[in-house]
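Encoded as structure tokens, the structure appears first; notes follow it.
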Amino acid sequence: MTKLGPTSTGQEVRFACRRGEWTDHTAGLADQFAQANLVILPSEQAADFRRFCERNLQPCPLLEMTQPGDPVPHMMAADADIRTDLPRYRIWRHGEVTDEPTEITGLWRDDFVSFLIGCSYTFDAALIQAGLPVRHIEEGCNVPMYRTNIECQSAGLFSGPLVVSMRPFQAADIVRADELTARFPHFHGRPVHHGDPHGIGIADISQPDFGDAVPVHANETPVFWACGVTPQCALESARLPLAITHAPGHMFVTDRSNTDILRSTGTTST
């Protein structure tokens with residue numbers, strides 16, 4: 001069995017998922033490789049969902065959109081199979097989650113289009129390298145994620161609230177965290193809010209809607225980034241007969257390095 005950790009490659013993570021050896025969240029794994037959220041839809045709804053991404057770039061930065069029926073994301077990982085290479089999936093039927101399997105081969109259809117959306121796990125390593133602690137990595141758990149009262153711009157059937165992920169920082173570190181993550185626009189970029197969670201509609205920071213709660217110490221401020229789980233709220237309102245996503249925190253790990261994607265999109269991480 002392959003031992004996975006920060007120095008693993010994207011391929012090692014994907015193949016461990018494919019063999020059923022890794023079914024946990026991917027925070028802290030393969031920290032030199034970009035991670036991605038996943039949405040799989042029938043091709044009939046693909047154009048509207050792409051417009052939803054284009055209208056909501058911060059929570060939904062699109063990395064790749066596959067051709068109908070093709071389970072290989074050729075740009076992000078040419079040897080991957082989107083049906084088996086994530087730790088865990090969510091099956092959506094009429095806007096409700098009905099199952100969380102570890103592979104979806106039996107559900108695959110010739111009209112399915114897959115969307116890979118940038119994930120904030122990608123910049124966690126940069127925060128750590130800059131000396132900024134990332135609490136969910138320290139705790140060895142999934143990042144806490146919350147629904148907000150900020151509405152996304154709708155597109156066709158797709159609408160819903162912005163979802164955010166949270167990392168606590170001391171006040172002196174917030175500006176540095178903002179500046180650093182702003183260099184990662186394809187992985188949600190800079191924070192959307194910091195300070196009082198009630199300001200964006202979060203009633204209780206100790207009760208995330210997705211992921212795991214982490215401690216926020218007395219000398220720390222919660223900082224919130226747009227999150228790629230946002231499309232899952234849009235799927236609730238769309239109520240499609242069938243759609244598939246990643247389980248929150250259980251990402252697709254690509255073969256593209258963080259710096260490679262930043263370079264190819266005209267941005268830098270230095």
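The values are calculated or read from the model by the stated rules, or taken from the named source; none is laboratory data. Only a predicted model underlies this, so the values are computations on that prediction, with no experimental measurement involved. Reconstructed Cβ throughout: ideal geometry from the backbone, glycine too, with neighbour counts over all protein chains shown.
What to note about this one:
- Selected residue (only one of His74, His25 is outside the structural domain of Cys141 (by TED's automatic domain parsing) and either buried (at least 20 other Cβ atoms within 10 Å of the Cβ) or modelled with pLDDT under 95 (or both)): His25
- From Thr98, Thr122, residue being loosely packed, with under 15 Cβ neighbours inside 10 Å, at negative phi and not in a loop (DSSP other than H, G, I, E, B): Thr98
- So Ile91, is it out of contact with any Phe, Trp or Tyr (no Cβ under 9 Å at 6 or more places or on another chain) and not aromatic (Phe, Trp, Tyr): yes
- Selection status of Arg50, over 17 Å from Thr254 (Cα atoms), outside any loop (DSSP other than H, G, I, E, B) and either basic (Lys, Arg) or under 13 Å from the mean Cα position of the chain (by Cα) (or both): yes
- Filtered by the rule that a residue be under 30 Å from Glu44 (Cβ atoms), in a strand (DSSP E or B) and of a type outside the set (A, V, I, L, M), the stretch 125-167 gives Arg147, Thr148, Glu151, Phe158, Pro161.
- Flag for Gly189 being within 19 Å of the chain's Cα centre (by Cα) and on the phi > 0 side of the Ramachandran plot: yes
- The stretch 159-192, residues that are surrounded by 20 or more Cβ atoms within 10 Å (Cβ to Cβ), more than 26 Å from Thr245 (Cα to Cα) and either at pLDDT below 95 or touching a helix residue (DSSP H, G or I) at 6+ places or on another chain (Cβ under 6 Å) (or both): Pro168, Phe169
- Checking Arg176, Arg190, Arg109 one by one, the residue that is assigned by TED's automatic domain parsing to the domain that holds Ala27 and either touching a residue at least 40 places away in the same chain (Cβ under 8 Å) or assigned to a loop (DSSP other than H, G, I, E, B) (or both) is Arg109 and no other.
- Listed conditions (1) touching a Ser or Thr at 6+ places or on another chain (Cβ under 9 Å); (2) surrounded by fewer than 21 Cβ atoms within 10 Å (Cβ to Cβ); (3) modelled with pLDDT of 95 or more are all met by Thr268, apart from (3).
- Residue selected from the stretch 206-224 under the condition β-branched (Val, Ile, Thr) and outside any strand (DSSP E or B), by the criterion farthest from Pro161 (Cα to Cα): Val216
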